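Take a look at the structure set out below.
The values are calculated or read from the model by the stated rules, or taken from the named source; none is laboratory data. Keep in mind that this is a model prediction, so the values were computed, not measured. Note: ideal-geometry Cβ built from the backbone for every residue, glycine included; neighbour counts use all protein chains shown. Note: accessible area is taken over every heavy atom of the protein model, side chains too, but ligands, DNA and RNA are not part of it. Shrake-Rupley method; radii C 1.70, N 1.55, O 1.52, S 1.80 Å.
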Amino acid sequence: MTTLLITHDAFVHHTVPEGHPERPDRIRAVQMALAEARFAPLQREIATLADLALARLVHEETYIKWFEAQQPTTGFKGIDGDTFVSPGTMEAVRRAIGGVERAVDAVFGGEARNAFLATRPPGHHAEHDKAMGFCFVNTAAVGARIAQQKHGAERVAIIDWDVHHGNGTQDIFWSDKSVLYASTHEMPLYPGTGSPTETGEHGTIVNAVLRSNDGSEMFREAFTRAILPRVDMHAPDLIVISAGFDAHHRDPLASLRLEAADFAWATEQLMSIAEKRCNGRIVSVLEGGYDLIGLAESASAHVEALMGT
């Protein structure tokens, strides 16, 4: 089985004001990097256009209706100081959740060993009833629920190595013992959540904090000590990765000092657990990463690891 890559040109059409870090060039950089010859073995598909109703698996009905009402016909509409809607946003969001549904179906159906979604906007800051931090619909959370409701997965683990804490994913699964949410992130940093004392109602929230200027050694130590044993103990039927690459040392929005090789290493560690626990099933969803060179290098290293090369 191969690694499935899902993307679409519609992700370029979610536009943002000039100078915004979560810009269309991000997806272009990833797509260009994954077009190199070494990625020829990838199984490639375009993200399908899902009904927004799929987002109701993790978001409130009132929030979904509110989000639908925000779509402008021209220009931009600011949700907050960081988060903007454009005429192309709805299609991008619907194709992101269509892509994650297809990825989950593929890994459970034996069509692919694992999958990577090169999508935007990111999703891990989107709470059950709130858009924030560039995010509108929590794609990784939707994927976890699809695995449970469509494929009978009893337990899912979501691992988030974006430099910013995934407050949205934590919010959605705070009281759900069937979903483990485990995050490494820099603190103090936006959005201000993610203390190790935040463990959820059933102890299935794991927050491993990194500090400014921490590099590869501290990241790998935290991942080995706090994240990997809990993922293994959870015995997931699917591993979902919130694959943000803004902990890379080039990134302008944070101050960790990771290298692309660190993301490859973390991927390999999770693949080892996936082989043991869930027949290798991993679905990885692009989150942050705002320096184009660092993003392209890191996404390439991550996908190469998924491919087993």
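Observations on the structure shown:
- Distant-in-sequence amide H partners of H185 (H built 1.01 Å from N, under 5 Å): A208, L210
- Solvent-accessible ranking of R28, R102, R225, largest area first, probe 1.4 Å: R225, R28, R102
- The fraction of accessible area contributed by carbon and sulfur in the range 202-279 is 47 percent, rounded to a whole number (1.4 Å probe; ligands and nucleic acids excluded).
- Based on protein heavy atoms only, the chain ends up with 36 Å² per residue of surface accessible to a 1.4 Å probe.
- Taking amide hydrogens as placed 1.01 Å from N in the peptide plane, the amide H of G123 sits under 5 Å from those of T139, each at least 5 positions away in sequence or on another chain.
- Of all lysines in the structure, those lying under 23 Å Cα to Cα from K150, and not within fewer than 8 positions of it along the same chain, are K177, K276.
- (1) 19.7; (2) 21.5; (3) 18.7, with the label sought being that of the calculated Kirkwood radius over Cα pairs in Å: (3)
- Taking the Cα centre of the range 105-194 as origin and assigning +1 to Lys and Arg Cβ atoms and -1 to Asp and Glu Cβ atoms, the resulting dipole is close to 160 debye.
- Loop sites in the range 143-238: GluC sites (Glu not before Pro), DSSP, at most 14 other Cβ within 10 Å: E154, E201
- Probe 1.4 Å, all protein chains present, accessible-area order of V209, V104, largest first: V209, V104
- Pairwise label distance in nanometres, F76 with E198, each label 7 Å out on the Cα-Cβ vector: 2.6
- Carbon and sulfur %, accessible surface of the range 1-124 computed with the full protein complex present, 1.4 Å: 53
- When the chain is treated as a GNM with alpha-carbon contacts under 10 Å, the residue of T119, T15, T224 showing the greatest mean-square fluctuation is T224.
- Note on I46 and H151: with the Förster distance fixed at 25 Å, the Cβ-Cβ geometry gives a FRET efficiency of about 0.70.
- Sequence-ordered 3J(HN,Hα) estimates for the range 7-13 from the Karplus curve with 6.51, -1.76 and 1.60 and θ = phi - 60° stand at 7, 6, 5, 4, 5, 6, 8 Hz, glycine and proline given as x.
- FRET efficiency for S272 and D9, using Cβ-Cβ distance with R0 set to 41 Å, rounded to 0.05: 0.75
- Entry note, the chain: relative contact order of 19 percent, from Cα contacts under 8 Å with a spacing of 6+ residues.
- Mean-square fluctuations from a GNM of the chain, with a 10 angstrom spring cutoff on Cα atoms, peak among S255, S284, S242 at S255.
- Ranked order, T139, T309, T199 - accessible area, probe 1.4 Å, largest first: T309, T199, T139
- Fraction of antiparallel bridges per DSSP, the chain only, in percent to nearest 5: 10
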